[in-house]
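This report refers to the structure that appears directly beneath it.
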Amino acid sequence: MRKTNITDIKVKAVRNLSNPDFLEYHKNNDAFGDEWTEKFLEYVNIPLRKSIRINTLKISPDDFFKNFPYEHTQILWCENAYFIDEQKIGLKIEHAVGLCYAQEASAMLAAEALDIANNDVVLDLCAAPGSKTTQVAIKNFSGTIVANELNLKRAQALIANVSRLGIMNCIITNYDACKFPDLFKFDRVLLDAPCSSLGTSRKNKEILKTWGYKFSLAVSKVQKKMILDAFSHLKKGGILVYSTCTTPTEENEDVIKFLINNRSDAEVEKIDLKVNCEKNEYGIRVYPWHNDTETAFVSKIRKK
Ligand SMILES: C[S@@+](CC[C@H](N)C(=O)[O-])C[C@H]1O[C@@H](n2cnc3c(N)ncnc32)[C@H](O)[C@@H]1O
């Protein structure tokens, strides 16, 4: 009789956590398949490395690690960002006083893809709790960022994070992203869209249990509405970055296709970051096995 090895047990355990909708959708979709699904479920059980960005408004990376000597490895696609050996960094004093910001490494890609130039005026349409807002604000310290969030409770977390990091170039607003006032055109727009979040399964296994295809389809409709509006706030020549932390094509490539079909002045640009990923004509996909992170989809679109 064939012995069951530990990997088999792990995969079975996670498969039980999962649900038939997840398995059926991913196994039967050409973009994924059996092997992809097994691999994705295997990684759900592998603990996630902790990562931080150093807040260079307050301290240099050298001084930070002199004072707080964590073992660290540079994250190649984001300046001043590191994997560190402390899982509870969010509870430490250096985090509380804003010397660093704990952020999952694949979530750092979207703000990098914006290709911020000094003095840019940036709109972050779905901004709370502020990971990407603070990343952009620190990078673009001589420019301005408008960070918008619909959910008031989450907007409070955004305000707290912006204030903890000592960021002074950020304006916080509270609009529905589909109804953001058309008073000004921006150099850069970030749409880190609400999504079905399957790509956060290493941190939160529950998401695998609750995900449903119908939910993804419903979210996709909202995302399509949001991306059209987001694009309308861009200056000519400006860049829109669309990102999610989920896998279904309906919430990723299909949203970009929808924009291109509706706006002849929208053009997808290549994303050139030092990250292992899958590339397609609409953007990049990062899976846990590429860089030992969570999952991300990022697309960069120029307004012609
Ligand atoms: C993926 S999260 C954003 C994460 C954030 N960009 C970060 O890096 O910290 C999506 C956010 O969009 C917000 N949201 C959902 N619907 C919205 C809408 N219609 N307008 C503006 N924000 C919305 C959610 O409350 C949530 O905070």
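The values are calculated or read from the model by the stated rules, or taken from the named source; none is laboratory data. In this text, all values refer to a predicted model and were calculated from it rather than measured experimentally. Cβ atoms come from the backbone with ideal geometry, glycine included; neighbour counts cover every protein chain shown.
Scanning the range 288-304 for residues that are out of contact with any strand residue (DSSP E or B) (no Cβ under 7 Å at 6 or more places or on another chain) and touching a residue at least 24 places away in the same chain (Cβ under 8 Å) gives 288, 289, 291, 292, 294. Residues in the range 126-152 that are closer than 19 Å to residue 115 by Cα and in a loop (DSSP other than H, G, I, E, B) were compared, and the one that is nearest to the ligand (Cβ to nearest atom) is 126.
Quick check, is residue 216 buried (at least 20 other Cβ atoms within 10 Å of the Cβ) and within 15 Å of the ligand (Cβ to nearest atom)? Answer is yes for this residue. Report, by residue number, each residue of the range 23-60 that is exposed (fewer than 14 other Cβ atoms within 10 Å of the Cβ) and in contact with a helix residue (DSSP H, G or I) (Cβ under 6 Å, 6 or more places away or on another chain). The one that is exposed (fewer than 14 other Cβ atoms within 10 Å of the Cβ) and in contact with a helix residue (DSSP H, G or I) (Cβ under 6 Å, 6 or more places away or on another chain): 34. When the range 61-77 is filtered for residues that are in a loop (DSSP other than H, G, I, E, B) and surrounded by fewer than 16 Cβ atoms within 10 Å (Cβ to Cβ), the ones remaining, listed by number, are 69, 71, 76. Applying the set (1) more than 21 Å from residue 301 (Cβ to Cβ); (2) within 13 Å of the ligand (Cβ to nearest atom) to residue 163 leaves exactly one unmet item: (2).
The residue that is farthest from residue 23 (Cα to Cα), among those in the range 241-282 that are out of contact with any Gly (no Cβ under 8 Å at 6 or more places or on another chain) and within 16 Å of the ligand (Cβ to nearest atom), is 241. Of 185, 224, all but one fail to be farther than 24 Å from residue 138 by Cβ, surrounded by 15 or more Cβ atoms within 10 Å (Cβ to Cβ), modelled with pLDDT of 95 or more and of a type outside the set (S, T, N, Q); the exception is 224. Checking 187, 229 one by one, the residue that is more than 9 Å from the ligand (Cβ to nearest atom), part of a helix (DSSP H, G or I) and of a type in the set (Asp, Glu) is 229 and no other.
If the condition is being surrounded by fewer than 23 Cβ atoms within 10 Å (Cβ to Cβ) and of a type in the set (Lys, Arg), then the range 188-202 contributes only 202. When you scan the range 213-225, do you find a residue that is among the polar types (S, T, N, Q) and assigned to a loop (DSSP other than H, G, I, E, B), even just one? Looking for residues that are among the polar types (S, T, N, Q) and assigned to a loop (DSSP other than H, G, I, E, B), one finds none in the range 213-225, hence no. Filtered by the rule that a residue be within 15 Å of the ligand (Cβ to nearest atom) and either over 22 Å from residue 73 (Cα atoms) or part of a loop (DSSP other than H, G, I, E, B) (or both), the range 96-115 gives 103, 104, 114.
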